[in-house]
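To start, the structure under review is shown below, and the notes come after it.
The values are calculated or read from the model by the stated rules, or taken from the named source; none is laboratory data. Every value quoted in this text rests on a predicted model; they were computed, and no experiment measured them. Cβ placement follows ideal geometry from the backbone for every residue including glycine, while neighbour counts extend to all protein chains displayed.
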Amino acid sequence: MTAGAQENFAPGAGGSASARLPQVLRRRGEGPRRIRSLFTNTIFLAVLTFISILSVYPFLWLISASFKTKADVFDNRLIPREWVWNYSGPDNPIPAPQYLFNVAPVATWFMNSVWISVLGALLVTFSSAVVAFAFAYFRFPGRNFLFALVLATMMLPGAVTMIPVYLIWNEVGKFTIEHSWLPHIGVNTQYPLWLPNLFGSAFYIFLQRQFFLGIPRELFEAARMDGDSYLSMFRRIALPLAKPALIVTFIFEFQAKWFDFLTPLIYLKDSELFTLPLGLKTILDQFGLGGGGQADYQIIVAGTVVAVLPMIIIFAIFQRYFIEGIATQGRKG
């Protein structure tokens, strides 16, 4: 009997035993593989759960401690024995249910941080995008040299330029005081906290330029043939396609401004101009033992929650753009 005749046998025929043997062996191997896969997935989920608990627990403890009494603030209970949200302060000696806002002008500091962070992030995002698009699209002599100079500014530590920049703002403030028709924009104003962002940032220019370089140049050439101007190409093509980079830039700068403590400490003197980090330092000095306070650390912890919670919410809302940006860079590679 030929091999071709054996292949034509029905499944129930005697010659089909050797043909069914690989299938039987595969079925026997599926069980152990399924058990190994289930065991591996269980271990993986257990490790992820453990790491997640380690990551989330400090923040949950922080929120819980902000509602505890002074005696229980440092215990490890996630549910306070006694809920407290009516701290008293020098402005309001009688406790009121306002969660820290009656202790100090926290609402004013919070709003100062909000508008300074938003405005500074918007300015640096737009100005860096303009410069990055110019470096990515235009071809001109010395382009690489100028871009290298921009990147070289990243090598300068902030401590090197701190005093010269302060002296510049101090002279600008004197000039505006001498000319009363000009707005006062020097020291002890909030302008030094956000106005320098109008000139862009080397890191953000580099980040956005990489995204602009990934946009096919044919799109811009086709737009030029249709009569679009450079500004129109920037607005209608470059910005929409580089949206992940723009959002990442905005969030990074918003976070930098939100937690910036050194710049407000240098330029601001009046408490109504303080941002939230500088205001929290005032609370720490007032209520902590190091500043001569009475060790009311539940108030300090509550201030920390007020400072950290907005950034966690913003990251939770825009985290998909981080993933999209990483995926875009991976496709380029």
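Counted as qualifying within the range 138-209 are the helices (runs of 4 or more DSSP H) with 3 or more residues that are among the polar types (S, T, N, Q), namely 158-178.
Of all residues in the range 114-170, those being over 28 Å from the mean Cα position of the chain (by Cα) and among the polar types (S, T, N, Q) number 2.
Of ALA107, ALA159, ALA121, ALA134, all but one fail to be modelled with pLDDT of 90 or more and under 27 Å from LYS281 (Cα atoms); the exception is ALA121.
Looking only at residues that are hydroxyl-bearing (Ser, Thr, Tyr) and farther than 14 Å from PRO244 by Cβ in the range 294-333, which one is modelled with the lowest pLDDT?
Quick first cut of the range 294-333, residues hydroxyl-bearing (Ser, Thr, Tyr) only: 297, 304, 321, 328.
After this cut, where a residue has to be farther than 14 Å from PRO244 by Cβ as well, the list is 297, 304.
On the way: TYR297: 85, THR304: 89.
This residue is TYR297.
A residue that is in contact (Cβ under 8 Å) with a residue 60 or more places away in the chain, within 25 Å of the chain's Cα centre (by Cα) and surrounded by fewer than 20 Cβ atoms within 10 Å (Cβ to Cβ) occurs nowhere in the range 286-299. Summed over the range 242-257, the residues that are surrounded by fewer than 17 Cβ atoms within 10 Å (Cβ to Cβ) and aliphatic (A, V, I, L, M) give a count of 1. Residue pairs whose Cβ atoms lie under 8 Å apart, sitting 6 or more positions apart in sequence or on different chains, and linking a residue in the range 195-215 that is in the same structural domain as LEU156 (by TED's automatic domain parsing) and under 12 Å from ALA136 (Cβ atoms) to a partner that is among the β-branched types (Val, Ile, Thr) and surrounded by 23 or more Cβ atoms within 10 Å (Cβ to Cβ), are LEU207/THR249; GLN208/THR249.
Scanning the range 23-77 for residues being of a type in the set (Gly, Ala, Ser), modelled with pLDDT of 80 or more and part of a helix (DSSP H, G or I) gives a total of 6.
Counting the residues of the range 78-104 that are aromatic (Phe, Trp, Tyr) and at pLDDT below 70 gives 2.
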